[in-house]
Amino acid sequence: MRPFVIGIDIGGTNTKLGLINSGGKVLLRTTLPTRSFIRNKTELINAIAAAVQAILKKKKLARKEIAGIGIGLPGLINMKKGTVNFLVNIPRWENVPLKRIMEQKLRLPVFIDNDVNVMTLGEWKFGAGRGIRNLICITLGTGVGGGLVFNNEIYRGGAFTAGEIGHIPLNEQGFSCNCGGYGCLERSVGSAHLLRKAKSVFKNREISLEKITEKARQGDKKAIEFWKEAGRHLGNGLAGVVNLLNPDCLVIGGGIAGAHQVLFKAIEETIRNRAMKIPASMVKIKKAELGQDAGIIGAYVLVQHALSSK
Ligand SMILES: [Zn+2]
């Protein structure tokens with residue numbers, strides 16, 4: 001394989017780009033504000049293409065040194081066809097043949113996938129999931145996502161939508177969720193919902209989740225209980241996942257995963273107590289290691305896998 005890959009992680013707020021070498025090391029990073037281009041998908045596509053050209057120019061790289069471009073996107077992606085079916089927080093992206101458009105613009109092979117699958121590939125090959133055969137990666141943020149690796153292969157499901165851990169219904173009667181269902185796990189532990197709850201628990205409209213973590217670190221009982229409760233909700237959902245799939249390891253990442261340690265502890269305790277004894281005692285529970293780079297490093301793995309399976 002050619003020595004370099006350009007990894008792109010398109011998020012609702014920012015789009016990250018990185019130049020990755022064959023050791024999975026990030027040699028250069030740039031960021032685009034997705035929000036500035038959110039009204040018009042062509043503008044976003046053009047801005048990304050220009051940012052790729054700028055990376056090549058800055059590093060004085062020829063096209064023949066680039067194996068390909070990997071792109072992770074937050075939504076439903078048909079990675080076989082290279083089509084974006086739908087994006088969750090970026091409007092007007094429906095049935096966009098992104099692979100074809102980008103390949104025409106950049107004259108390089110382009111591969112696309114759901115962002116959580118891409119992050120999972122990164123953690124599995126270069127992060128906390130290295131060497132693990134059966135792995136589930138969970139991202140905690142506005143959305144609660146999951147990526148599944150079984151028998152050393154990523155599992156995407158029949159229409160490439162597998163892994164929607166956030167939309168496991170926990171409640172028969174619960175609040176409606178933006179997936180169209182109600183009572184979903186995400187509806188109690190997605191960051192937007194946690195923030196709404198925080199405003200009422202702390203009777204403060206200005207409170208942030210970071211502030212609650214800070215209060216918890218200072219020993220504030222209410223703040224500690226807030227994160228414990230979120231951890232218990234997550235642990236309940238994940239106990240079901242552990243019973244169903246008997247993974248060797250859960251890797252937990254995303255913005256919320258960095259909250260106070262009581263959150264992580266409560267997740268782990270709940271899984272150990274509530275899942276069945278054998279799968280609960282064997283599953284390792286780890287924090288993700290790649291942080292902000294997971295998407296671009298995972299994009300390297302996406303390109304590598306796609307090219308080696310051709
Ligand atoms: Zn849902």
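The values are calculated or read from the model by the stated rules, or taken from the named source; none is laboratory data. What you see is a predicted model, and the numbers here were worked out from it, not measured in a lab. In this analysis, Cβ positions are derived from the backbone assuming ideal geometry, glycine residues included, and neighbour counts consider all displayed protein chains. Surface accessibility is based on the protein's heavy atoms, side chains included, excluding ligands, DNA and RNA. Shrake-Rupley method; radii C 1.70, N 1.55, O 1.52, S 1.80 Å.
In a DSSP loop and with at most 15 other Cβ atoms within 10 Å, the trypsin sites (Lys or Arg not before Pro) in segment 1-81 are K25, R39, K59, K60, K80, K81.
Atom-type composition of the exposed protein surface of the chain places 50 percent of the accessible area on carbon and sulfur (1.4 angstrom probe).
The slack between N152 and S200, meaning 0.36 nm per residue of separation minus the straight C-alpha distance, is 12.9 nm. Projecting the Cα atoms of I38, A49, V26 onto the charge dipole of segment 19-63, computed from C-beta unit charges around the Cα centre, puts V26 farthest toward the positive end. When its C-alpha radius of gyration is set against 2.2 N^0.38 Å (N residues), segment 227-271 gives a value of 1.09.
Going by the alpha-carbon gyration tensor, a ≥ b ≥ c the square roots of its eigenvalues, is segment 186-310 rounded (a/c under 1.5) or, if a/c is not under 1.5, prolate (a/b greater than b/c) versus oblate? Verdict is oblate for segment 186-310. What value does segment 123-196 have for Rg/Rh, both radii from Cα atoms and Rh as Kirkwood defines it? Answer for segment 123-196: 1.05. Only helices enter this figure: runs of n ≥ 4 DSSP H residues, each worth -39500 (n - 2.57), summed and divided by the residues of the chain, yield -12500 deg cm²/dmol at 222 nm to the nearest 500.
Computed about the Cα centre, the dipole magnitude for segment 75-193 is approximately 540 debye when only Lys and Arg (+1) and Asp and Glu (-1) carry charge, each at its Cβ. Once the C-beta distance of M276 and K25 is scaled by a Förster radius of 41 Å, the resulting FRET efficiency is 0.55 to the nearest 0.05.
Excluding same-chain neighbours fewer than eight residues apart, the lysines reachable from K41 by a Cα-Cα span under 27 Å are K16, K57, K58, K80, K81, K99, K105. With protein chains left intact and a 1.4 Å probe, residues in the chain average 49 Å² of accessible area per residue. Remark: the L245-E289 segment gains 13.6 nm on full extension, using 0.36 nm per residue and subtracting the alpha carbon distance.
Which value, in debye to the nearest 20, describes the size of the charge dipole of the chain about its Cα centre when Lys and Arg Cβ atoms bear +1, Asp and Glu Cβ atoms bear -1, and nothing else is charged? Write down the numbers at each step before the final one.
Details: 45 positive and 23 negative charges, 158 e Å.
Once rounded to the nearest 20, the dipole reads 760 debye.
Over segment 33-151, the reciprocal of the mean inverse Cα-Cα separation, the Kirkwood hydrodynamic radius, stands at 15.7 Å. Annotation: H305 carries an accessible surface of approximately 70 Å², with a 1.4 Å probe and no ligand, DNA or RNA atoms counted. Each pair of Cα atoms in segment 148-260 enters the Kirkwood radius, and Stokes-Einstein at 4 °C and 1.567 mPa s then converts it into a translational diffusion coefficient of 83 µm²/s. Among all lysine pairs in segment 237-310 that are eight or more places apart or on different chains, how many have alpha carbons less than 28 angstrom apart? For segment 237-310, the number of qualifying lysine pairs is 6. Placing unit charges on each Cβ (+1 for Lys and Arg, -1 for Asp and Glu) gives the chain a dipole about its Cα centre, and among G291, T270, G240 the Cα reaching farthest toward its positive end belongs to G291. Here is what passes the span test in the chain: the DSSP H helices with alpha carbon length of 27 Å or more along the helix axis and a Kyte-Doolittle mean of -0.5 or above are 221-245. Most simply put, the chain has about 60% antiparallel DSSP beta bridges, counting only bridges with both residues inside it.
Eigenvalues of the alpha-carbon gyration tensor of the chain, scaled by 5 and square-rooted, set the equivalent ellipsoid semi-axes at 33, 22, 18 angstrom, largest first. With point charges of +1 on the Cβ of Lys and Arg and -1 on the Cβ of Asp and Glu, referenced to the Cα centre of segment 43-85, which listed residue (L73, A62, T83) lies farthest in the positive direction of the dipole? About the Cα centre, the residue reaching furthest to the positive side is A62. Computed from point charges on the beta carbon alone (+1 for Lys and Arg, -1 for Asp and Glu), the dipole magnitude for segment 1-114 about its Cα centre is near 400 Debye.
Take the Cα of R100, step 7 Å toward its Cβ, do the same at K64, and the gap between the two points is 3.0 nm.
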